[in-house]
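Participant: Pasting a structure below so you can have a look.
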Amino acid sequence: MFRAKGFCDLNIEAENSNLKESVLKALSLGYQTIAINQNVTLPSLEKSGSKKRKGAEEGNGSIVPVPVTVNLSSADLKRYKITREPVILTRITISYTDPSSPYLLKSADAIRQYDLIAFVPENDATLKQVMTGKIDVDIISLIPNSATYQLSRSLLKSSMERDVYFEIPYSPCITDVHARKQIIMLSHFLHRTCKSSNIIITSKAKCPTHLRYPYDVINICQFLGLSEIASKAAIGTMAHNAVYCASARRRGVSKCAVQITVSPDADECKKFVGIESAEEYMKSYKTGKRKLSEKCKAKKKKIKVDKSNEVDDSGVIKF
Amino acid sequence: MFEPNVTEFPAPESHVEFSYHSWDDPKLESTFRQLIDEHPFNRKIGILLPGLSESPKEIKKILVDDTDYYHISELPLSVFCTPVFLEAFLQSGKVYAISCDARLDLDNVAALTPDGWLILLLDKFSYQELQLDGKLSAHILRRPKERYVVKVNLKENFIPGKPYYKKVVRALSYVQLKFNFWISWVPNDAEVCPSSIAKYFDDEGYHVAVRRTSLSSSIILNAYVPVIEKETSDMDLYKAEDILEYIGCSSLGIKLTEEGTSVCDVLNPKPNRIMKSICTVRSVGFFIPSQSRELIQQIRSVLEETDEEVLPWAAVTVYGHIDSVVTWNLMENSYSVNGDNFYTILITRNQVWCYKVSGPRKPCRFFAKCNKRI
């Protein structure tokens, strides 16, 4: 079980002009937790229909790439004056259009290798599938054109109860005027529908120059409809929660087995030979309890009967 | 029309408290106690001496002599609860310890105040693992419920062998909370050397390093200096604020102008006069309240020795550690954009002006205000 620390940037593109430099720059700016992102687009069935057999045989392993990691030596960290211990995660972003895509099931094991799983639903049907929890989702990154979706508030609420986080990237705001407008529109749309809760801010940086200092990001977030505290939480505690929930999802439901060992100096009445006799004892104990509870109920009934008698006699209710 | 209210960008809130006294005012002692003695963790001292070209040796001596402090790396908190430490250091002196290299706003931080309070500010996950009671941080308004304050008094009712002691020790040793600490110790008995705390931790096997306070000074030439009247029967609060602004600017080396520009409207306070030089002294270290008291006395004696034309007044600014958990009187410090907590004392020959600057006290809203009601 790993935990995020410090400021987080949960999206640095693996298709980067210089990945190692970007990671080191992000760390030297003050971020401590970084996720390296790989984008995957699932082909829809209509396209691959004609080549179904070939695609199924060849594309099984090749659709989901192997996670990319960056090895940082202590000399690198010293060169960039990084004192805090970095936490580097892997993340996959899957964009797809067809909710009945077979690749999701097929490559489930390959997807589970990643620490964080993000989805880009490209239409309403996939959005509904992602939000209702039919597949494991940690982060939903919406396409910054709010006309694509029709989000209902109940759907959003249910996805928030399952600790799914929404991502807003900030580097498109820096590079492209058109994208900036659309991202501001998207964030205001999220503010309208869900009060901007469960939002994380990421960089989506494709080169080192797209990265910004954490406190500058907090100031950028004020345009996106987040308050000062909320924007700080968006790169701090909300991102921590997202990582924590993701690792809990990977781990699955916690189960345990009970082992009963008999100590030699135990009393005779509590001695069991093997687990079967213990189970039998438990069963007998339970039935005994049931009998007891039935007796109690009977007693209560009697009391009630008595009270009703009292009321009949005197006409005044006494407690 | 924007849905959330994004058109307003209010400046970060800060509180300034101001009071002024003459030197023979009986209330001065209580003001000093509240201002200086209840502010335990000081990181930096800045002194402004208008008129002097070089800082006096006596002042330098106070800042450099006997101001060493110790940096202990990766110290688990359960060390503070060992019976030996409790008896040898905590009960027989004042321990000033604060976690360094940790951010107040995101990381876990800890402090041990001279009153014996061990104060922790923890995130949600560490707090849930630690089996001690705590409170939600005072700077959180309803949500997100992420930061918790845990307070343990190590001086009162904390006796080895008792149930409460066992509970605290078990909790602190179960969750391995480790911090880098700055520590200094003032023993009650003057014959005991303050460095024995370093020896104790070194013998226990922790990495201890001695840190010296650094000293630097700079001079601004031919600058305006505001004139402070001898007798102020009716204090103008705007003037007091202007002078605080002036002290801040001069200690950063900024020359203020007489006329405002479109960029900056901070002006030189009036009345003023030109002086040849302004000397600023800066010192970075880990200062305890008694040292800043000593420094103020020393500056007062320097003022009385020199002529009024040469040195009209002096100002001392003591900056608290920005990532410290507590500020004055165990009040919780907040770090939203900055963690300012400092005080400035302006000293003339017959007056003392005290400024106390702290960050926002009200918890901030998590959700931005919107024009429509959702």
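Participant: Do any strands (runs of 3 or more DSSP E) entirely within region B:30-143 hold 3 or more residues that are within 14 Å of chain A (Cβ to nearest Cβ) and not hydrophobic (A, V, I, L, M, F, W, C), and if so, which?
Facilitator: B:69-76
Participant: Return a yes/no flag: does region B:238-247 have any residue that is of a type in the set (Val, Ile, Thr) and out of contact with any helix residue (DSSP H, G or I) (no Cβ under 6 Å at 6 or more places or on another chain).
Facilitator: Taking every residue of region B:238-247 in turn, at least one turns out to be of a type in the set (Val, Ile, Thr) and out of contact with any helix residue (DSSP H, G or I) (no Cβ under 6 Å at 6 or more places or on another chain).
Participant: Any chance region B:215-229 includes a residue that's surrounded by 12 or more Cβ atoms within 10 Å (Cβ to Cβ), closer than 28 Å to B:Gly116 by Cα and modelled with pLDDT of 90 or more?
Facilitator: There is no residue in region B:215-229 that is surrounded by 12 or more Cβ atoms within 10 Å (Cβ to Cβ), closer than 28 Å to B:Gly116 by Cα and modelled with pLDDT of 90 or more.
Okay, residues lined up against (1) part of a strand (DSSP E or B); (2) free of Cβ contacts under 8 Å to residues at least 40 places away in the same chain; (3) within 19 Å of the chain's Cα centre (by Cα):
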{"site": "A:Arg91", "(1), (2), (3)": "yes, no, yes"}
{"site": "A:Ser101", "(1), (2), (3)": "no, no, no"}
{"site": "A:Gln113", "(1), (2), (3)": "no, no, yes"}
{"site": "A:Ile117", "(1), (2), (3)": "yes, no, yes"}
{"site": "A:Lys134", "(1), (2), (3)": "no, yes, yes"}
{"site": "A:Leu142", "(1), (2), (3)": "no, no, yes"}
{"site": "A:Gln150", "(1), (2), (3)": "no, yes, no"}
{"site": "A:Ile174", "(1), (2), (3)": "no, yes, no"}
{"site": "A:His178", "(1), (2), (3)": "no, yes, no"}
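Participant: Now, a different point. Does A:Ile143 satisfy being more than 12 Å from chain B (Cβ to nearest Cβ), buried (at least 22 other Cβ atoms within 10 Å of the Cβ), out of contact with any His (no Cβ under 6 Å at 6 or more places or on another chain) and within 21 Å of A:Asn39 (Cβ to Cβ)?
Facilitator: No.
Participant: Run down A:Ser231, A:Ser196, A:Ser187, A:Ser203 and say which single residue is closer than 18 Å to A:Phe119 by Cα, buried (at least 22 other Cβ atoms within 10 Å of the Cβ) and within 14 Å of chain B (Cβ to nearest Cβ).
Facilitator: Matching residue, one of A:Ser231, A:Ser196, A:Ser187, A:Ser203: A:Ser187.
Participant: Among the residues of region B:146-157, what is the count of those that are surrounded by fewer than 19 Cβ atoms within 10 Å (Cβ to Cβ) and either under 15 Å from B:Val79 (Cα atoms) or within 14 Å of another protein chain (Cβ to nearest Cβ) (or both)?
Facilitator: Looking only at that region, the number is 2.
Every residue, every condition in (1) away from chain A (no Cβ under 14 Å); (2) buried (at least 19 other Cβ atoms within 10 Å of the Cβ); (3) farther than 25 Å from B:Glu245 by Cβ, yes or no:
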| site | (1), (2), (3) |
| --- | --- |
| B:Val318 | yes, yes, no |
| B:Phe342 | yes, yes, no |
| B:Asn350 | yes, no, no |
| B:Phe367 | no, yes, yes |
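Participant: What is the residue count in region A:158-184 for residues that are farther than 24 Å from A:Ile92 by Cα and buried (at least 19 other Cβ atoms within 10 Å of the Cβ)?
Facilitator: Selection size over region A:158-184: 0.
Participant: For region B:174-197, check the following and say yes or no: at least one residue is over 20 Å from B:Ser99 (Cα atoms), surrounded by 16 or more Cβ atoms within 10 Å (Cβ to Cβ) and hydroxyl-bearing (Ser, Thr, Tyr).
Facilitator: No, region B:174-197 has no match at all.
Participant: Which count do you get for residues in region A:230-270 that are at pLDDT 85 or above and hydrophobic (A, V, I, L, M, F, W, C)?
Facilitator: Adding up the residues that qualify gives 11.
Participant: For A:Ala75, work out the one condition from (1) away from chain B (no Cβ under 14 Å); (2) within 19 Å of the chain's Cα centre (by Cα); (3) among the hydrophobic types (A, V, I, L, M, F, W, C) it doesn't fulfil.
Facilitator: Just one mismatch for A:Ala75, condition (2).
Participant: Please work out which residue is surrounded by the fewest Cβ atoms within 10 Å (Cβ to Cβ), limiting yourself to region B:26-64 and to residues that are among the hydroxyl-bearing types (Ser, Thr, Tyr) and within 28 Å of B:Asp323 (Cα to Cα).
Facilitator: The initial filter retains those residues of region B:26-64 that are among the hydroxyl-bearing types (Ser, Thr, Tyr), namely B:30-31, B:53, B:55.
Cutting the leftovers down to within 28 Å of B:Asp323 (Cα to Cα) gives us B:30-31.
Values: B:Ser30: 10, B:Thr31: 17.
It comes out as B:Ser30.
Participant: Would you say B:Val210 is at pLDDT 90 or above and either in a strand (DSSP E or B) or out of contact with any helix residue (DSSP H, G or I) (no Cβ under 9 Å at 6 or more places or on another chain) (or both)?
Facilitator: On the way: at pLDDT 90 or above: yes; either in a strand (DSSP E or B) or out of contact with any helix residue (DSSP H, G or I) (no Cβ under 9 Å at 6 or more places or on another chain) (or both): yes.
Yes; evaluated as a whole, the condition is true for this residue.
Participant: If the requirement is being more than 21 Å from the chain's Cα centre (by Cα) and either at negative phi or hydrophobic (A, V, I, L, M, F, W, C) (or both), which of these qualifies: B:Leu106, B:Leu52, B:Leu35?
Facilitator: One residue alone meets the criteria, B:Leu52.
Participant: Additional query: Just checking, does region A:119-132 include any residue being surrounded by fewer than 16 Cβ atoms within 10 Å (Cβ to Cβ), of a type in the set (Lys, Arg) and over 13 Å from the mean Cα position of the chain (by Cα)? Spell out the reasoning first.
Facilitator: Taking region A:119-132 and keeping what is surrounded by fewer than 16 Cβ atoms within 10 Å (Cβ to Cβ), we get A:123-125, A:132.
When the remaining residues are screened for being of a type in the set (Lys, Arg), the result is none.
Looking through region A:119-132, none of the residues is surrounded by fewer than 16 Cβ atoms within 10 Å (Cβ to Cβ), of a type in the set (Lys, Arg) and over 13 Å from the mean Cα position of the chain (by Cα).
Participant: Taking the condition in contact with a Lys or Arg (Cβ under 8 Å, 6 or more places away or on another chain) and closer than 22 Å to B:Leu49 by Cβ, does B:Ser250 pass?
Facilitator: Spelling it out, it is not the case that B:Ser250 is in contact with a Lys or Arg (Cβ under 8 Å, 6 or more places away or on another chain) and closer than 22 Å to B:Leu49 by Cβ.
The values are calculated or read from the model by the stated rules, or taken from the named source; none is laboratory data. Model, not experiment: these values are computed from the prediction. Note that we place each Cβ from the backbone using ideal geometry, even for glycine, and neighbour counts take in every protein chain shown.
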